[in-house]
1. Taking the residues in region 1-31 that are over 17 Å from ALA95 (Cβ atoms) and of a type in the set (Val, Ile, Thr) as candidates, determine which candidate is surrounded by the fewest Cβ atoms within 10 Å (Cβ to Cβ).
2. Can you pull out every residue in region 98-135 that is touching a helix residue (DSSP H, G or I) at 6+ places or on another chain (Cβ under 8 Å) and surrounded by fewer than 17 Cβ atoms within 10 Å (Cβ to Cβ)?
3. On the basis of being within 14 Å of ASP117 (Cα to Cα) and either modelled with pLDDT under 95 or assigned to a loop (DSSP other than H, G, I, E, B) (or both), does LYS27 make the cut?
4. Exactly one condition in (1) touching a residue at least 40 places away in the same chain (Cβ under 8 Å); (2) surrounded by 15 or more Cβ atoms within 10 Å (Cβ to Cβ); (3) not charged (D, E, K, R) is false for GLY34; which is it?
5. Mind checking which residues of region 42-73 are closer than 15 Å to VAL14 by Cα, without any contact (Cβ under 8 Å) to a residue 24 or more places away in the chain and among the β-branched types (Val, Ile, Thr)?
6. When the residues of region 42-97 are narrowed to those that are over 24 Å from GLN127 (Cα atoms) and in contact with a strand residue (DSSP E or B) (Cβ under 9 Å, 6 or more places away or on another chain), which ends up modelled with the lowest pLDDT?
7. Which condition number in (1) under 15 Å from THR114 (Cα atoms); (2) in contact with a helix residue (DSSP H, G or I) (Cβ under 7 Å, 6 or more places away or on another chain); (3) not hydroxyl-bearing (Ser, Thr, Tyr) is the one that GLY34 fails?
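The values are calculated or read from the model by the stated rules, or taken from the named source; none is laboratory data. The shown structure was predicted, so the numbers you read here are calculated from the model rather than taken from an experiment. Please note: Cβ atoms are built from the backbone with ideal geometry, for glycine as well, and neighbour counts cover all protein chains shown. The area values use the complete protein model at the heavy-atom level, side chains included, leaving out ligands, DNA and RNA. Shrake-Rupley method; radii C 1.70, N 1.55, O 1.52, S 1.80 Å.
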Amino acid sequence: MLTQEEIYQKVREVLVDALAVDEDEVKPEATLVGDLGAESIDFLDIVFKLEKTFNIKIPRGELFPEDVLTNPEYVKDGKFTEAGLAELRKRMPFAELDQFARNPLVQDFANLLTVRDMCRFVELKLQQQEGQASA
């Protein structure tokens, strides 16, 4: 199993390559969209590169559950409902949502994911994969 530092270094390499940013810009607290300039098309490249780098499978919508954004049960008047926040927490256990939950504007959702979140996501995927391999 890779250490957290090894995961961070590999995620950093993926992001530097996919987003054409300098290595020193890719800090744990940097947001993918706001700080590193990721656009929706970049997420496809990031997912592809993460799958290849870590030998994991990332189903569509697992890293960034777009379908939650369009569900009227989860979004009302441009904000996530309590049910919407609960769904995000369930589907994105790797993301730090507490601060976002204070003012859960849909327009701010894209700017939620940080480099740290990406590392936690990969860590969870590797743990799941390891659990399946030993089962």
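1. Taking the candidates together, the pick is THR3.
2. Selection gives ALA101, ASP108, LEU126.
3. Details: within 14 Å of ASP117 (Cα to Cα): yes; either modelled with pLDDT under 95 or assigned to a loop (DSSP other than H, G, I, E, B) (or both): yes.
Yes.
4. That leaves (2) as the condition not met.
5. Residue satisfying the conditions is VAL47 alone.
6. Result: LEU69.
7. (2)
Conditions tested, residue by residue: (1) farther than 15 Å from GLU66 by Cα; (2) under 13 Å from the mean Cα position of the chain (by Cα).
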position: LEU88; (1), (2): no, yes
position: MET92; (1), (2): no, yes
position: ALA95; (1), (2): no, yes
position: GLN99; (1), (2): yes, no
position: ARG102; (1), (2): yes, no
position: PHE109; (1), (2): no, yes
position: THR114; (1), (2): yes, yes
position: GLN129; (1), (2): yes, no
